[in-house]
Amino acid sequence: MYRSALQFFRGEGGRYFFVNGFTALAFSFILPIMSLFLVKQLGLDPSYIGVYTVSVAISGMVISHRLGALSDRGVADKKLFLFGVSGIAAAALGFSLATAFWQVLLTGVLFMGLGSASIPMILAMIRRYAESSGQDSTRINSQMRSSVSLVWIIGPALAFASVDHLGFQGNFLLAGSIAVLVGLYAWQVISGDSRRPVPRASEKKTLDAAQSGSRGTSRLPRRVWILGMVIFLANMANSTYITSIPLYLTETLGMSTSFPGILIGLTAAFEIPVMLLSARWASRYGKRLVILCSFVLAAVFYIGLQLAETPMTFVALQVLNGLFFGVFVGLGISLLQDEAPEHVGKASAFYTNAMAAGTMVGTSLMGVVAGTFGYKQALLISLGAITLAFTLLLIIELRARWMQSQQTRAAQCSSH
């Protein structure tokens, strides 16, 4: 076990692991503190958080979709990824110089939207690496996503601490420096052409049949869109929590500025073993069933937030949050990619767009509710969203089981 893990870090998989992780590190110095930056540094009303998030999310969705299409048409993922990473560096520089909301908004739309496109590109590269090396893509996705959680153990905590000691400007410049370094590293160590591998002879007929049914079109299957709604709702719940909890803890409960970063880091620490185990659970019980269980834990977590008042209670609740999000992000991307194997780039972009749309809607509603009722009440959005996600995925699972039973019954009748 340890030998195989060591080999993973030494080989090409290890290079993808580090690129994925350090890209997340750059994001971890920007995303968690944006609500504090807008409200505390610029003195804006919480509703501006929603305006910023919606604008940047729409920009990121459009750019990710276009780059995903270019990836499926044969443009090397490495070039597209480096293009996206350059956006993170430019956005960080712009934020460090911004003194007004219009400057933050312009920087976010032009550059942060581009930076978010780096995520589907690295996901597409990882999927194609798994296919070309003959490895289990679900397991590889979970391992790679664990690098993000590993980084987020310390990233947000360091970000909030750097804001305390260096200010927002110093923190953003640090994020930009990380983005430049990860871009240089990826340029040096990632192979120049990470496009789709040539299918084996045993797979070619199946792939040709799938492509012939959609020749002349690049539409994703309807099932991907339905599952995308589940991804959207679940991330809407999580993003509402991530955006509102720093303000709730510091503004409403009067806790220290560094405490939200500690909570986010603890969640990431719990996520890592969960992600690594999620592939095994999925192979035994099925991806949808495992994700359904994680949604139940998320609902308990969001109910607990309404009752928590002390720092230790918030710390204890992170176990539930880590179990939920570890399973969700460990299996969510594979759930969508499996439904569109001939459009891996677009499916990866669709996944990140569904996540971005969830962030967009959740953050916007949070700003409106928080401005009217308070940050604690805004956290109820998370409970409502995860309940809807659970209901929709449960319907999908029950329908799939019903169809499977009908097919089994038909096969038994035909045999007689």
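Worth a mention:
- Rg over Rh, two decimals, the stretch 284-416 (C-alpha only, Kirkwood Rh): 1.09
- Sorting 65, 165 from the fewest to the most surrounding beta carbons within 10 angstrom yields 165, 65.
- Principal axis extents of the C-alpha atoms in the stretch 367-416 (largest first, rounded to whole Å): 66, 13, 8.
- Counting neighbouring Cβ atoms within 10 Å and putting the fewest first, the residues 40, 346 line up as 40, 346.
- Each helix, a run of at least 4 DSSP H residues, gives -39500 (n - 2.57); summed and divided by the residues of the chain, these come to -28000 deg cm²/dmol at 222 nm.
- At 1.002 mPa s and 20 °C, Stokes diffusion of the chain via Kirkwood alpha-carbon radius, µm² per second: 98
- Seen from residue 227, the other residues with C-beta closer than 13 Å to its C-beta sum to a net charge of +2, counting Lys and Arg as +1 and Asp and Glu as -1.
- Dipole magnitude for the chain: computed about the Cα centre from +1 point charges on Lys and Arg Cβ and -1 point charges on Asp and Glu Cβ, it is near 1380 debye.
- Kirkwood Rh, Cα atoms: Rg over Rh of the stretch 39-128: 1.06
- Using alpha-carbon coordinates, inclination of helix 12-28 to the longest axis of the chain, degrees: 30
- The stretch 150-175 versus the stretch 238-267: alpha-carbon centroid distance in Å: 14
- Gyration tensor over the Cα atoms of the stretch 246-297: the corresponding equivalent ellipsoid has semi-axes (square roots of 5 times the eigenvalues, largest first) of 32, 13, 5 Å.
- Three semi-axes describe the equivalent ellipsoid of the stretch 241-342; taken as square roots of 5 times the Cα gyration tensor eigenvalues and ordered largest first, they are 30, 13, 12 Å.
- Peptides ranked, highest mean first, by Cβ atoms within 10 Å: ranges 69-76, 365-372: 365-372, 69-76
- Computed over the stretch 296-416, relative contact order equals 26 percent, with contacts defined as Cα pairs under 8 Å that lie 6+ residues apart.
- Angle between the chain longest axis and helix 311-339 axis [Cα atoms, degrees, rounded to 10]: 40
Bear in mind these aren't lab numbers, they're just calculated from the coordinates by the rules spelled out. Remember, it's a predicted structure, so these values are computed and weren't measured experimentally. Ideal geometry is used to build each Cβ from the backbone, glycine not excepted, and the neighbour counts take in all protein chains shown.
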